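Novice: Sharing a structure with you now.
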Amino acid sequence: MGWNSWNLFRGRVNDEIVRGIADAMVTSGMRDAGYVYVNIDDTWEGESRDANGNITTNNKFPNMRALADYVHSKGLKLGIYSSPGPDTCAGYEGSYGHEEQDARTFAEWGIDYIKYDWCGARTLYSDEEMQAVYQKMGEALLKTGRPIVYSLCQYGRNDVWKWGPDVGGNLWRTTGDISDNWASMTRIGFSQNDLAPYAKPGHWNDPDMLEIGNGGMTNDEYKTHMSLWAILAAPLLAGNDIRNMTPETKAILLNREAIAVDQDKSGIQGKRMWQSGDVEIWVRELSGGARAVGIFNRGPVAKDVTVRWSDLGFKKDPKRIRDLWLKQDIKLNGSEHTTPIPPHGVGFFRVNGK
């Protein structure tokens, strides 16, 4: 859980913005809700290496070690970005031929997370070489002796979920880049069903960062975004301006009950259990015998959706469920329950099944 600069700031990210985000992560309550990584994406790198081959920063980031110290002083962790190619997606210096050297530099700076983007490597390597290429940086990070989260960003190519853990990956992108619109978010989020067996504690399918609060979707659509990512046990990396959030955005990102589903210690990814037309019902098994249930209305009009508990794998009818957006308990009676779902909206529940 944390924040990444790319979705909103892209090439405009700089030291001042990152410090401001770190401050806001604390004052907004984001840190205390579990968002601890402050991740700098592409465009921090210098135009060339120094005389000893060490990677350098550009003038937007005058002192990365000092920035890491500042972020750490807030009880947060700092992430950075690189590529196994000679150039990054934005044309900056990559780690090709300097994997161990860059890993040591990142560790010396106090970096806690690295997003490693295939973009600049596509002209050098084939997809069949991808695993060995990512293993090279994975081993380099281990040699530093510093715990650094390793994020594989290669858009789901070459069935990365099958070998991601073997190269030291903690999370791996399963899709192309997300955009701040309903079509992109749903195309990505609802395509994750078959990958559920590959998620486990410490190793996660990553359907890309959150767009919540960036303005391209309605609040109901952003609730769908948050609920679906929670059921998918996906990393929660906010991509908005934490320094200036509306109350509605804060209520979605800081919903502790939704976060608890996402962060459930069992690490089991949810799956689609029922579908009819525009309506899908996804279920995630949680620790302690509970389950999270998401009733998604992908259509443009409101619908009353009836849930039959036996269709979702419940052996007996639950007597009470918790509505995670209304934050209230609902008493039940019988083998089914009907709930209204707004257009592009969701009903998100925690069901104990007892």
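So that you can scan it fast, the table gives a plain yes or no per residue for (1) without any contact (Cβ under 8 Å) to a residue 40 or more places away in the chain; (2) surrounded by fewer than 24 Cβ atoms within 10 Å (Cβ to Cβ); (3) under 23 Å from R104 (Cβ atoms):
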residue	(1), (2), (3)
G29	no, yes, no
A51	yes, yes, yes
R65	no, yes, yes
L78	no, no, yes
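Novice: I would also like to ask the following. Of these, V351, V307, which one is surrounded by 12 or more Cβ atoms within 10 Å (Cβ to Cβ) and out of contact with any Asp or Glu (no Cβ under 7 Å at 6 or more places or on another chain)?
Specialist: V351
Novice: Moving on to the next point. Evaluate the following for Y198: is it over 20 Å from N39 (Cα atoms) and crowded, with 23+ Cβ neighbours inside 10 Å?
Specialist: Numbers: over 20 Å from N39 (Cα atoms): yes; crowded, with 23+ Cβ neighbours inside 10 Å: no.
Here the answer is no, as Y198 does not meet what is asked.
Novice: Checking S191 against (1) over 10 Å from the mean Cα position of the chain (by Cα); (2) touching a residue at least 24 places away in the same chain (Cβ under 8 Å), which single condition isn't satisfied?
Specialist: For S191, the exception is condition (2).
Novice: Got a sec? Which of I231, I242 is assigned by TED's automatic domain parsing to the domain that holds I80, touching a residue at least 40 places away in the same chain (Cβ under 8 Å), among the β-branched types (V, I, T) and in contact with a helix residue (DSSP H, G or I) (Cβ under 6 Å, 6 or more places away or on another chain)?
Specialist: Details: I231 fails: in contact with a helix residue (DSSP H, G or I) (Cβ under 6 Å, 6 or more places away or on another chain).
Matching residue, one of I231, I242: I242.
Novice: Restricting to region 1-24, give me the number of residues that are in a helix (DSSP H, G or I), under 12 Å from N240 (Cβ atoms) and not aromatic (F, W, Y).
Specialist: So the answer is 4.
Novice: Separate question: Could you go through region 116-127 and let me know if any residue there is in a loop (DSSP other than H, G, I, E, B), without any contact (Cβ under 8 Å) to a residue 60 or more places away in the chain, over 30 Å from L76 (Cα atoms) and among the basic types (K, R).
Specialist: yes
Novice: Next up: Picking from D166, D180, D159, which residue would you name as being acidic (D, E), in the same structural domain as L237 (by TED's automatic domain parsing) and crowded, with 20+ Cβ neighbours inside 10 Å? Talk me through it step by step, then tell me what you get.
Specialist: On the way: D166 fails: crowded, with 20+ Cβ neighbours inside 10 Å; D159 fails: crowded, with 20+ Cβ neighbours inside 10 Å.
Step by step, each of D166, D180, D159 is checked, and only D180 is acidic (D, E), in the same structural domain as L237 (by TED's automatic domain parsing) and crowded, with 20+ Cβ neighbours inside 10 Å.
Novice: So, in region 18-27, exactly how many residues are surrounded by fewer than 21 Cβ atoms within 10 Å (Cβ to Cβ) and either under 22 Å from I252 (Cβ atoms) or in contact with a strand residue (DSSP E or B) (Cβ under 7 Å, 6 or more places away or on another chain) (or both)? It would help to see each step written out before you state the result.
Specialist: Going residue by residue through region 18-27, those that are surrounded by fewer than 21 Cβ atoms within 10 Å (Cβ to Cβ) are 19-20, 23-24, 26-27.
Those left that are additionally either under 22 Å from I252 (Cβ atoms) or in contact with a strand residue (DSSP E or B) (Cβ under 7 Å, 6 or more places away or on another chain) (or both): 20, 23-24, 26-27.
Selection size over region 18-27: 5.
Novice: Right, here's the next one. I need every pair where a residue in region 323-348 that is in contact (Cβ under 8 Å) with a residue 12 or more places away in the chain has its Cβ under 8 Å from the Cβ of a residue that is surrounded by fewer than 11 Cβ atoms within 10 Å (Cβ to Cβ) and among the acidic types (D, E), sequence separation at least 6 or different chains.
Specialist: From residues that are in contact (Cβ under 8 Å) with a residue 12 or more places away in the chain, the pairs are T338/D304; T339/D304; P340/D304; I341/D304.
Novice: Please tell me if Q131 is touching a Phe, Trp or Tyr at 6+ places or on another chain (Cβ under 6 Å) and part of a helix (DSSP H, G or I).
Specialist: So Q131 fits the description; yes.
The values are calculated or read from the model by the stated rules, or taken from the named source; none is laboratory data. Values in this document were obtained by computation on a predicted structure and should not be read as measured data. We place every Cβ from the backbone using ideal geometry, glycine too, and count neighbours over all the protein chains shown.
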